[in-house]
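Just below is one structure, and these are the notes that go with it.
The values are calculated or read from the model by the stated rules, or taken from the named source; none is laboratory data. Keep in mind that this is a model prediction, so the values were computed, not measured. Heads up, the Cβs are rebuilt from the backbone with ideal geometry, glycines too, and the neighbour counts pull from every protein chain shown.
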């Protein structure tokens, strides 16, 4: 039949639309041309209090802040893990990484994430062009790399790396080989901006998905002189370098945003800026503002991060959203925007944020949130949080985040009924997760800690 001749050469959305017309049904798929482009900036180890729009006057971040001016700043955003790799696993799947055993960085080569469907795979199935530019940290072997997980192209490193002479580097446009960059002038943040801009221009016809996970602000602290020179007033070497790195990342974000404007695609591009976890304050000086704790903790300073979202013409600009959201919401938000909402059978833990951000749905996106990280755990229900964290008492502590964002007043002794309620909710959720990881996570894992305790006794 002539009308079927070219059907299977079409992108999925276009193919579905043709099938619907041929079948004479009442359903019509959204056109691929109407699907928005998607850009996700994912910062590494950036503290909650570092951006200008988050209240830090020390390090100007005008380009990142513009996303809050032209879009929306979520004041209570969380990631589903307080560590690099599991945070990325949650972002890419929309599911708690503990569901599939991805609890520590050492789990990035396990089978759990490998069996999950990534956002890139979902969008590629709809006809999107897809690229990952930056730090992957979701598997090293060929079947775990971005180009095997839904991305057409990958330009970046497989895991943590220096900013100069990065190792574990791949440029899939050139080769699938892993190399070390020898060029003395190569600085990851600048190079990622170069490739991202080139890729967006090459795919201006859209729709396209650019995932840009910077290795800034992760250690080691390294920055070119041109960025260091912007901060003569910061005399402490570590802090000055951190500031220079953040300024470089801000410039990189600015170049990408400028390209989107030049292409006339601001109203057709859904953009997120999120950090992967709180700042490791002692290691890099990254500040978490009033929040207690830092990276690898379940106090607020671990999972609570900056979250900015811009979609001009759809999401209101210059406003804040003050109810809790998560990085798990990115997948269902993007898929709904692309015209292919996530099916209930996919068991996604995130929600489509657009109805909430636009005011159409006034309720909380998440009434309850959960975290588990190698012996630490937390649950937030409403504004109540029950937490066991490194640096704490070793037993569940109860905080009212509505009045105590810094988690300073433990109310467990005076509100035992609330403790019991939250404990039960956490236990029920925890029973649904994969077994607790025994792998070390930047320190001794459960088995190692038990051995050490036995030795001390």
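Structure values in brief
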{"item": "Qualifying residue in the stretch 234-251 (condition: under 27 Å from residue 119 (Cα atoms) and in contact with a helix residue (DSSP H, G or I) (Cβ under 6 Å, 6 or more places away or on another chain))", "result": "yes"}
{"item": "Candidates 413, 402, 343, filtered to the one that is farther than 19 Å from residue 71 by Cβ, surrounded by fewer than 15 Cβ atoms within 10 Å (Cβ to Cβ) and assigned by TED's automatic domain parsing to the domain that holds residue 206", "result": "343"}
{"item": "Selected residue [under 23 Å from residue 254 (Cα atoms) and surrounded by fewer than 17 Cβ atoms within 10 Å (Cβ to Cβ)] from 194, 177, 184", "result": "194"}
{"item": "Elements of type strands (runs of 3 or more DSSP E) in the stretch 256-361, at least 1 residues being closer than 24 Å to residue 103 by Cβ", "result": "269-275, 307-310"}
{"item": "Failed item in (1) over 21 Å from residue 221 (Cβ atoms); (2) surrounded by fewer than 20 Cβ atoms within 10 Å (Cβ to Cβ), with residue 207 passing the rest", "result": "(2)"}
{"item": "Close pairs (8 angstrom Cβ cut-off, 6 or more residues apart or separate chains): on the phi > 0 side of the Ramachandran plot and not assigned by TED's automatic domain parsing to the domain that holds residue 198 in the stretch 126-152, in a helix (DSSP H, G or I) and crowded, with 24+ Cβ neighbours inside 10 Å anywhere", "result": "none"}
{"item": "Helices (runs of 4 or more DSSP H) completely within the stretch 110-219 that count 2 or more residues being over 19 Å from residue 87 (Cα atoms) and either touching a helix residue (DSSP H, G or I) at 6+ places or on another chain (Cβ under 6 Å) or at pLDDT 95 or above (or both)", "result": "119-124, 188-202"}
{"item": "Candidate set: the stretch 273-286, residues that are out of contact with any strand residue (DSSP E or B) (no Cβ under 7 Å at 6 or more places or on another chain) and modelled with pLDDT of 95 or more; chosen: the one surrounded by the fewest Cβ atoms within 10 Å (Cβ to Cβ)", "result": "285"}
{"item": "Check on residue 231, in contact (Cβ under 8 Å) with a residue 40 or more places away in the chain, closer than 15 Å to residue 134 by Cβ, in the same structural domain as residue 126 (by TED's automatic domain parsing) and buried (at least 18 other Cβ atoms within 10 Å of the Cβ)", "result": "no"}
{"item": "Members of the stretch 69-106 found to be surrounded by fewer than 24 Cβ atoms within 10 Å (Cβ to Cβ) and part of a helix (DSSP H, G or I), listed by number", "result": "69, 70, 99, 100, 105, 106"}
{"item": "Verdict on residue 324 being in contact with a helix residue (DSSP H, G or I) (Cβ under 6 Å, 6 or more places away or on another chain), touching a residue at least 24 places away in the same chain (Cβ under 8 Å) and either buried (at least 23 other Cβ atoms within 10 Å of the Cβ) or within 27 Å of residue 217 (Cα to Cα) (or both)", "result": "no"}
{"item": "Pair list, Cβ < 6 Å and 6+ apart or interchain, from the stretch 191-202 residues that are under 14 Å from residue 39 (Cβ atoms) to residues that are in a helix (DSSP H, G or I)", "result": "193/252; 193/255; 196/256; 197/255; 197/259; 200/259"}
{"item": "Test result for residue 189, assigned by TED's automatic domain parsing to the domain that holds residue 82 and either farther than 30 Å from residue 315 by Cα or over 21 Å from the mean Cα position of the chain (by Cα) (or both)", "result": "no"}
{"item": "Candidate set: the stretch 47-68, residues that are closer than 19 Å to residue 357 by Cβ and touching a strand residue (DSSP E or B) at 6+ places or on another chain (Cβ under 7 Å); chosen: the one surrounded by the most Cβ atoms within 10 Å (Cβ to Cβ)", "result": "64"}
{"item": "Out of 318, 313, 375, sole residue that is modelled with pLDDT under 95, surrounded by fewer than 24 Cβ atoms within 10 Å (Cβ to Cβ) and in contact with a helix residue (DSSP H, G or I) (Cβ under 9 Å, 6 or more places away or on another chain)", "result": "375"}
{"item": "Criterion violated by residue 261 - all others in (1) on the phi > 0 side of the Ramachandran plot; (2) without any contact (Cβ under 8 Å) to a residue 12 or more places away in the chain satisfied", "result": "(1)"}
